[in-house]
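Notes follow once the structure below has been shown.
The values are calculated or read from the model by the stated rules, or taken from the named source; none is laboratory data. Predicted model only: the values in this text are computed from it and were never measured. Positions of Cβ are backbone-derived with ideal geometry, glycine not excepted, and every protein chain shown enters the neighbour counts. Protein only, heavy atoms only, side chains kept; ligands, DNA and RNA dropped before computing areas. Shrake-Rupley method; radii C 1.70, N 1.55, O 1.52, S 1.80 Å.
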Number of protein chains: 2
Amino acid sequence: MADFQGIATQFVAHYYTTFDSDRKALASLYRNDSKMTFESDQLAGGGPITEKLANLPFQKVLHKYGGVDAQPTATGAIVILVTGQLVVDDSTAPLSYSQTFVLGQDATGGWYVQNDIFKLVVF
Amino acid sequence: MADFQGIATQFVAHYYTTFDSDRKALASLYRNDSKMTFESDQLAGGGPITEKLANLPFQKVLHKYGGVDAQPTATGAIVILVTGQLVVDDSTAPLSYSQTFVLGQDATGGWYVQNDIFKLVVF
């Protein structure tokens, strides 16, 4: 079995580093069969997902997250739950979020995001 | 395609109602290939998972959750992210949590929990 925890940890670090530095570059992590739910907004396919991410209404963002919990699925994918906080632009109020990813492998063995559910957590 | 959102909403309602009334009865929702990560504690198989849940150190618990975000996976499973709060015993301090489920179908078409990641969210 693949080292799912190592793959998940490496993926999550890469994902948020890319998100926080140049989020258009996240395009490489999605494919045509990718699905995203972003604050209950449902998107399908790498193009629409990348466009959604590129057009989010902030310039700067910084994600800080805690542990990365991962499991292999019954079909060899990897499911991940991340909880953390993010700060946008010059705000001083961090927003709490939770995000679930399912990573699958493409024909060349590369891992990409098949499912992505992002949710701000409001208290 | 199955009505994944309807199945997810119904499942989550059933799951927490059962959890809050008689959590030993959650046994019926897990199988031998089920995996659980509970606060980073990793469990595999319906027996160990049910035992873990039965032995959690509280008598009473009440879950309140917000919206249920669900997607079909590439292989016909359903991935769900729930965020909510729970109260144990006579505590007056709700605890925030996030939980990810992957539901798969057994040989008779019934849905069960293949993956379960539970995490308390601390701020």
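Remarks
- Residues of the stretch A:1-17 classified as part of a helix (DSSP H, G or I), closer than 13 Å to A:Q105 by Cα and aliphatic (A, V, I, L, M), total: 2
- The condition of being at the interface with another protein chain (Cβ under 10 Å from one of its Cβ atoms) and in contact with a His (Cβ under 9 Å, 6 or more places away or on another chain) holds for B:Q85.
- Cβ-Cβ under 9 Å pairs, at least 6 apart or on other chains, the stretch B:1-18 side farther than 19 Å from B:A54 by Cα and touching a residue at least 12 places away in the same chain (Cβ under 8 Å), far side open to solvent by less than 60 Å² (accessible area, probe 1.4 Å) and part of a helix (DSSP H, G or I): B:F11/B:L29
- Residue among A:L26, A:L43 that alone is in a helix (DSSP H, G or I), more than 9 Å from chain B (Cβ to nearest Cβ) and touching a helix residue (DSSP H, G or I) at 6+ places or on another chain (Cβ under 8 Å): A:L26
- Single residue of the stretch A:98-107 satisfying the filter (at pLDDT 95 or above and farther than 10 Å from A:I78 by Cα) that is surrounded by the fewest Cβ atoms within 10 Å (Cβ to Cβ): A:Q99
- The stretch A:61-75, residues that are at pLDDT 95 or above and either open to solvent by 30 Å² or more (accessible area, probe 1.4 Å) or among the acidic types (D, E) (or both): A:L62, A:K64, A:Y65, A:D69, A:A74, A:T75
- Of the residues making up the stretch A:24-58, those that are modelled with pLDDT under 95 and touching an Asp or Glu at 6+ places or on another chain (Cβ under 6 Å) number 1.
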